[in-house]
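Student: Structure provided below as structure tokens; questions to follow.
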Amino acid sequence: MKTGPSPQTGNFASRVKGAVRRNFNQSVRIYQAFEEKRGFFQDLTAALARWMKLPQGATILDIGCGNGASCVALREACNATVYGIDLSEAMIADARRRLRDPHVHFIVGDGENLDMFRDMPLFDAVVYNASLFVFPNPERSLAQAGGHLKTGGKIGFSFYPRLYSAEFPDLLGRAYEKKGWPLPKFRTITSWDKACHALEGLFGNLETATHEITGDVSFLIDFFSIPAQSASLFPKLPYEERAEKVRELFETLDAEGTPFTIGWDMAMAVKRPE
Ligand SMILES: C[S@@+](CC[C@H](N)C(=O)[O-])C[C@H]1O[C@@H](n2cnc3c(N)ncnc32)[C@H](O)[C@@H]1O
């Protein structure tokens, strides 16, 4: 029997990482315009830092830091020293160009290979803000992160949003249904359950929560107009066509009554003494 590549194969992992790099390299300008307008990724990171009760003055590793929104939020929330690592050279180049704070360091690299930190002191916390769900091997990344963490330190992540309202538990599905378009075959790289299982397996004391943000149709259009986000909805189309489709798709929700809720799930665990 012929089967597709399993998420464990190197081939699958390198194809995912290649696509992630391409998509985010293409996203810098629109990602930053979205963040300047909405402050969304900074707010989400601040909520994660509050919920994790990260200590003041912490040294934090921010894995999948993008162009630095999460690093800035960690710096501000905890007066932290932050090391941000990201696969996308263009996101890191943008972060280095705009953010010049001696307490915030940017590194191009793969969050599943953290060897470059082997000669550094251990971190107080490791954070993945809106990134772990595109890691093909979260177990590997989390295990390595755990190795670079002090005893008593914490690992936490925020996870891809669910869209719902009082009336509709799945607004994305509702939008496709109203358009009469087939729901795309979403390819889950790493599910919430898989990521939680990996973190629980590492430290054995998982806590979870949901951070709810309200938004309207214009928010959804802005969010899904980021090239890397629209690629998940309309994977086969060039960016301009995807952006057009995103607008058409979410405008169908205009009649559904707002606000909508965008639920970001969050998980954390503490490295306890052995
Ligand atoms: C939605 S962005 C979030 C960026 C940032 N944390 C923020 O809050 O703005 C996800 C980021 O994860 C990065 N990423 C995905 N897989 C990665 C990997 N294996 N190693 C490092 N970064 C990765 C992407 O390049 C992208 O910049």
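Student: Past the 20 angstrom mark, what percentage of all C-alpha to C-alpha distances in segment 1-150 do you count?
Tutor: Values: 5308 of 11175 pairs.
So the pairs more than 20 Å apart make up 47 percent of the total in segment 1-150.
Student: Where does segment 110-163 land on Rg(C-alpha)/(2.2 N^0.38 Å)? Numbers along the way, then the final one.
Tutor: Values: Rg = 11.8 Å, N = 54, 2.2 N^0.38 = 10.0 Å.
Dividing the Cα radius of gyration by 2.2 N^0.38 Å gives 1.17.
Student: So which lysines can LYS271 reach, going by Cα to Cα under 27 Å and dropping same-chain residues fewer than 8 places off?
Tutor: Excluding near neighbours in sequence, the set is LYS53, LYS150, LYS154, LYS194.
Student: Right, something else. Multiply the residue gap between GLU89 and ARG38 by 0.36 nm, knock off their C-alpha separation, and tell me the result in nm, one decimal place.
Tutor: 16.0 nm
Student: What residues qualify as long-range amide H neighbours of ASN67, i.e. H under 5 Å apart, gap of 5 or more or another chain, H built at 1.01 Å from N?
Tutor: So ASN67 has HN proximity to no qualifying residue.
Student: Just round it to a whole percent: the fraction of Cα-Cα distances in segment 91-204 exceeding 21 Å.
Tutor: 53
Student: Then there's this: Given springs between every Cα pair under 10 Å in a Gaussian network model of the chain, which of VAL72, VAL126, VAL246 has the largest fluctuation?
Tutor: It is VAL246.
Student: Report, largest value first, the span of the C-alpha coordinates of the chain along each principal axis, in whole Å.
Tutor: Result, largest extent first: 54, 50, 36 Å.
Student: According to the square roots a ≥ b ≥ c of the eigenvalues of the Cα gyration tensor, what is the shape class of segment 207-261, taking rounded for a/c under 1.5, prolate for a/b larger than b/c otherwise, and oblate for the remainder?
Tutor: Here segment 207-261 falls in the oblate category.
Student: At what distance in nm do the modelled label points of ASP119 and GLU244 sit from each other, each positioned 7 Å from its Cα along Cα→Cβ?
Tutor: In this crude spin-label approximation the distance works out to 5.3 nm.
Student: Per DSSP H run of at least 4 residues, take -39500 (n - 2.57); add these up for the chain, divide by its residues and hand me the 222 nm value, nearest 500 deg cm²/dmol. Spell out each step's value before the answer.
Tutor: Values: 11 runs with 119 residues, N = 274.
Rounded to the nearest 500, it is -13000 deg cm²/dmol.
Student: Okay, moving on. Take the alpha-carbon centre of segment 215-232, take the same for segment 59-127, and report the distance between them in whole Å.
Tutor: 25
Student: Collect residues whose amide H, placed 1.01 Å from N in the peptide plane, falls under 5 Å from the amide H of PHE123; neighbours closer than 5 in sequence don't count.
Tutor: Those lying under 5 Å, H to H, from PHE123 are LEU149, LYS150.
Student: Also, quick follow-up: Kirkwood Rh over alpha-carbon pairs of segment 123-274, then Stokes-Einstein at 25 °C and 0.890 mPa s: what D in µm² s⁻¹, rounded to an integer?
Tutor: Values: Rh = 17.0 Å.
Using the Kirkwood radius from Cα pairs, D works out to 145 µm²/s.
Student: If you don't mind, another one. Taking Cα pairs under 8 Å and at least six residues apart, what relative contact order does segment 1-153 come out at, in percent?
Tutor: The normalised contact order for segment 1-153 reaches 25 percent.
Student: Counting only other residues whose beta carbon sits under 15 Å from that of VAL108, what net charge do I get with K and R as +1, D and E as -1?
Tutor: Around VAL108, the charge tally is -2.
Student: Among residues other than GLY147 whose Cβ falls under 12 Å from its Cβ, what is the net charge (Lys/Arg +1, Asp/Glu -1)?
Tutor: Local charge sum for GLY147: +3.
Student: Right, something else. For segment 239-254, what does the Karplus curve 6.51 cos²θ - 1.76 cosθ + 1.60, with θ = phi - 60°, yield as ³J(HN,Hα) per residue in whole Hz, taken in order and with x for Gly and Pro?
Tutor: Working through the residues one at a time gives 4, 4, 5, 4, 4, 4, 5, 4, 4, 4, 5, 7, 5, 5, 8, 3 Hz.
Student: Rounded to the nearest 5, what % of the DSSP beta bridges within the chain are antiparallel ones? List each step's numbers first, then the result.
Tutor: On the way: 18 of 37 bridges.
So the antiparallel bridges amount to about 50 percent of the total.
Values quoted throughout were computed directly from the atomic coordinates according to the rules given, and no laboratory measurement underlies them. Everything numeric in this text was worked out from a predicted model, so none of it was measured. Please note: Cβ atoms are built from the backbone with ideal geometry, for glycine as well, and neighbour counts cover all protein chains shown.
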